[in-house]
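This report concerns only the one structure given below.
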Amino acid sequence: MRERNPGLEEKLCIAALRLAAAHDWSALTLDQIAKTAKISPAEARKIFADKDMILPALVRRTDAQVAASIGKRLTHGTPRDRLFEVMMARIDILQASRKATLNIIATVRREPRLAQALLPAEMKAIKEMVSLAGLTLPLRRQPFVIGGLLAIYGFALCRWRSDDSRDLGKTMAALDRGLSIAEKAAKMFFGSMG
């Protein structure tokens, strides 16, 4: 990202999701996204060097929506329950732009360079979710816990991709299963999950 302009960034993100719902992400151009957002291509390039730089911005946008949805750090329930609530809140937000998100995921799966570019934003998203769940991790634990939770979130997203149920029951079951394994591993290695 080149220049911070939250208003234009939001317009470009909304336009990108609208186009991605109907098109393969790799077929889109920044000029098309700018046109849909009613922004000049030159203005769009001040915000994003190219259309793929919008992807981390979409992750950050979802972070903000999750934080607004949760409201404040959770304090009730077990660490596992709180992580489940926050992660499902994120998946519920993705559900609102399901077609676009699935098309983007399909492109990222085909193009590893995009996954690599997205990794820092996704790692930050996991840290944000841990914080919203009211967990404070000692510095030495962070790489293990964040990496493990990223894998669990990815596992739940894989299930979500094929979950066409109204209540996302299969996704919830996959997430619960992953967090159960994480809880057992955390107790074994660290004595507790959070």
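Details
- Dividing the mean sequence gap of close Cα pairs (under 8 Å, 6+ apart) by how many residues region 55-190 holds gives a relative contact order of 29 percent.
- Rounded if a/c under 1.5, otherwise prolate or oblate - region 32-102, Cα gyration tensor axes: prolate
- Pairs of Lys in the chain closer than 20 Å at Cα, counting only those 8 or more apart or on different chains: 14
- Looking at region 49-118, the trypsin sites (Lys or Arg not before Pro) that sit in a DSSP loop and have at most 14 other Cβ atoms within 10 Å of their own Cβ are LYS72, ARG73.
- Whole-Å distance, taken between Cα centres, linking region 111-171 and region 20-40: 27 Å
- Alpha-carbon Rg with Dmax, taken over region 6-52, Å: 9.4, 26
- Within the chain, helix-based [θ] at 222 nm, where runs of 4 or more DSSP H residues each add -39,500 (n - 2.57), nearest 500: -24000 deg cm²/dmol
- Cα-based values for the chain, radius of gyration first and Dmax second, are 17.5, 55 Å.
- Top positive-direction residue, dipole computed over the chain with Cβ charges, set GLN142, THR78, ASN5: GLN142
Every read-out reported here was derived from the displayed coordinates using simple, explicitly stated rules and does not represent laboratory data. From a predicted model like this one, the values you see are computed outputs, not experimental measurements. As a convention, Cβ positions derive from the backbone with ideal geometry for all residues, glycine included, and neighbour counts pool all protein chains shown.
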